[in-house]
Amino acid sequence: MIRQSVTASKLPHEVDPDWSRTVVDGRGSTWHILDTYASRSRSPQAVDEPRLTLLCVHGNPTWSLLWRRLLAQAPSDIRVVAVDQLQMGWSDRVDGKLRRLATRIDDLDELTTALVLTGPVVTVAHDWGGPISLGWVLRQRGRGPASPIDVRGVVLMNTAVHQPAHAAAPTVIRVARARLLRWWVTVRTQLFLRGTLGLSRRLRHADGTRAMDDATAAAFRAPYATAERRRAIGAFVADIPLEADHPSMPTLQAIAEGITSLQDIPVLLQWGAGDPVFSDRYLRDFIQRLPHADVHRYSTARHLVIEDEPRVVPDLLRWLEERVLGQQVSQGRAQESDDQLPALWAAIEQAARERASAPALTAAGEVLTWGALGEQMNRVAVALLANGIRPGERVAILVPPGLAAIAMVYACWRIGAVVVIADRGLGVRGMRRALRAALPDHVIGIRRARLLARTLGLPGRILDPVDLLHAPKTQRHDAATLPAGPQADDLAAVVFTSGSTGPAKGVRYRHRQIARTCALLRRHYALTEADVLVAAFAPWAILGPALGIASVIPDMDVTAPASLRAAALATAVQEVGGTVLWASPAALTSVLRTAASGLELLSLRLVLGAGAPVPAQLLEALAPIFPNAQLRTPYGMTEVLPVSDVTLDEIRDAGLGAGVLVGHALPDVDIHIDVLVPGTTLGEICVRAPHMRDGYDRLWGVNAAAGTPPANASSSASSPQAAVAQPWHRTGDVGVLESDPVHGERLWVGGRLAHVVWTARGPVAPVPTEQQVQTLPWVQWAAVVGVGPVGTQQVVVIVVPQDSQGRAVRSRRPWVGADRSDQVRELMQQALGLPIAAVLQRQSFPVDVRHQAKIDRTQLAIWAGQVLAGRSAKS
């Protein structure tokens, strides 16, 4: 029986009263639900059948209000039914007895029968709604063709079906469940209820607003105003089966075992990473039981993930369209041709056979020959297997870049383990966040890293690299003692972006993609066995052996580029006869600053500057130090490197333009510009290439958005193969593709999409403007930001002044003098026709930790807004 809604005054303004209805099931129990098709079901006219029904099941201590944004945003042809479980929300308190897990599954079955629910259904559940909904799903599937319901998918948010044996239950649950405290915490007072809501109330978004305001918190509490109405909150807590003899344990175990049968339907796991109850260990358990599941882990969200993170609902709806209604395969690699790519460790084995005594790696005064490197790789591989590490398992390598780290990486690849690289360039906080996101199965690390791993509660083995390197020679450590290596399409690595515009993201690479990156680098830069790589850039410190060329790591902290000194670089180059240098702009700037007069590094034939935009003036200033080298700046990112390439000569010829000239697309790379405003040329740079990343790790929504094809664009396709079976990657950079009659299509980068200034006249890319300002002799660095609402933002120029010796001028005043301000305004008007609202100055700019070169313009925009508003702001 279906009745009218509960009193509209009981519902918050965000809930459409037409959604609210009560339903009496076959046992006479009255349910309150929110149903987007409620008004249609009351109409005497026929109701169109929905394409899909979402059955949303809340947990404890919430109610159907939890799903209000999903109801509001769902398309009209998708029905959303959000239930208030019996004794919860506005549903009947019925008999007041404790309802066990099995009973609640029966309850949900009774409700869907009363609703005459049929056709395709996807369950969406949170907290203890998870096992209840999963029990219902398994029951429907167990009925086979007899069931009128076709379960098409499952969505789970911060829930659990199993308590890992090696870990204690969450403290908050153990306390709330304690016999002497449970009634007082959950029923007599609102402590449990308010504590749950408080996790979101205390969380603030980047703009300063709270994830849950007072009115929403009051609406969640409304159905639980009295102790009598809160009895089910306590009953839910009491029914958490932690003991083997708990009455609900058999039901929960059956669900945990049964969900492994869901391999044939899509599953989405949306997880709040900061949940003190259902932490990452429960996410790991689901990933192990449902390895095909799509996962999005929201780094700043807590228990009520759908309250804390605005992207949850849009991501869920997109997932439904692509994975359930569109029947697309799970995100991942495109179908690849069966080309023969060498294994990543093949170059080591070949060199160990052919030139065993030749140097392979040099670092910190230690030289490792190819023969020794091959033996060390195999010895560590055998030791890893002996420690229980298996193919496909994730191993975090927390070892400073050097000989030991390289041996660990290649040994993991040799046995098919997946390396997780969270380098010190992320900072301690960034490393902690990265490790929690990647969920490694094991850790290899120095002492401080091992302590960090233990504080994070990471499972598996936590190993000392010294022990692995000196494992006893109980058997021959060669290829004959090891199993066959991984396949080309097996996962090889999870590496992290710099985090310069938000939390660092894990990026997945398969063996095939890394092998293709190496092949492209060898081919494009004509690398041979005669070359010696000077690796002052972290990725190259790892890839040197796979390239089959000798490598040297200068005396520096590779994860802190500015630590490179000219004397250390000269020692490294001269010691091994280095021919190729790869370094970041911060490292090259440090070399220039510390170089002795007349320094020349004659053996270098190629100098590559990458990791961030390399200013032309820096390359010009470096040229005398590398008189025999061609200076080039490859453009790329963690997700795909390299994309394009340009020489200093081309940069000289081009002069100032639409940003930083990064040149022409490399072979098999396709570049498109998805314009920001129709009829203009500035747009987001979109790339596809065979060596591009597999995807973002456990960030389904980000992955889907980044893979959206460009709608309209000019393109630069370097070969027909670039467009074959390759997904797209939206880089987050903006730029322009220029058609030059002499040089052909070439790419200019104008900055980050997040840093574009949206004025009333249209979008303004920061980099071209900054380059113009930096032509003034008293300006060392410039940054352009927008202040005010998007669409009417005002352009503000911020500079770091310099003296006649090129040294930054320190000043506490945020305003430049009137004369200098007029110079900037006049220059901008003449060069770009751009009005400037204000010209400010700082002693330095905030930059990313890893490259120490990417300017955080978002932070600068906040600072500028504070200055213009008359508030004191530190520079």
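The values are calculated or read from the model by the stated rules, or taken from the named source; none is laboratory data. A quick note: this is a predicted structure, and the numbers were derived from the prediction, not measured. All Cβ positions, even for glycine, are placed from backbone atoms using ideal geometry, and neighbour counts span all protein chains on display. Each accessible area value is taken on the protein alone, full model and side chains, heavy atoms only, with ligands, DNA and RNA left out. Shrake-Rupley method; radii C 1.70, N 1.55, O 1.52, S 1.80 Å.
Structure above, values below:
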read-out: Sites Ala526 and Leu592, calculated FRET efficiency, Cβ-Cβ separation with R0 35 Å, nearest 0.05; value: 0.85
read-out: Over the chain: helical MRE at 222 nm, DSSP H runs n ≥ 4 each giving -39500 (n - 2.57), nearest 500; value: -9000 deg cm²/dmol
read-out: Rounded accessible area per residue of the chain, 1.4 Å, Å²; value: 40 Å²
read-out: Highest to lowest packing among 162-174, 393-405, scored as the average C-beta count within 10 Å; value: 393-405, 162-174
read-out: Where labels lie 7 Å past Cα in the beta-carbon direction, separation of Gln617 and Ala227 in nm; value: 7.4 nm
read-out: Protection proxy ranking, peptides 60-68, 76-84, average beta carbon neighbours within 10 Å, highest first; value: 60-68, 76-84
read-out: Relative pair counts by distance (%), Cα atoms of region 742-845, 10 Å bins; value: 15, 46, 30, 8, 1
read-out: Extension gain from Arg448 to Arg810, taking 0.36 nm per residue of separation minus the Cα-Cα distance; value: 126.7 nm
read-out: Kirkwood-based Rg to Rh ratio, the chain, C-alpha trace; value: 1.00
read-out: Two-site label geometry, Glu366 and Trp183: point separation in nm, points 7 Å out along Cα→Cβ; value: 6.5 nm
read-out: Region 592-667, Cα convex hull volume normalised per residue, Å³; value: 110 Å³
read-out: Efficiency of FRET from Cβ geometry, Asp95 and Leu242, R₀ 25 Å, rounded to 0.05; value: 0.45
read-out: Shape category assigned to region 70-196 from the gyration tensor of Cα positions, a/c cut at 1.5; value: prolate
read-out: Stokes-Einstein D (µm²/s) once Rh is taken as the Kirkwood radius of region 168-300 over alpha-carbon pairs, at 25 °C in 0.890 mPa s; value: 143 µm²/s
read-out: Three-way shape label, region 392-536, alpha-carbon gyration tensor, a/c 1.5; value: oblate
read-out: Calculated FRET value between His166 and Ser39, using beta carbons and R₀ = 41 Å, to 0.05; value: 0.20
read-out: Ala818 versus Gln340: modelled label distance in nm, points set 7 Å from Cα along the beta carbon direction; value: 7.7 nm
read-out: Prolate/oblate/rounded call for region 510-618, Cα gyration tensor, a/c under 1.5 rounded; value: prolate
read-out: Accessible surface of Thr103 - all protein chains present, 1.4 Å probe, nearest 10 Å²; value: 50 Å²
read-out: Percent antiparallel among DSSP beta bridges (both partners in the chain, rounded to 5); value: 50 percent
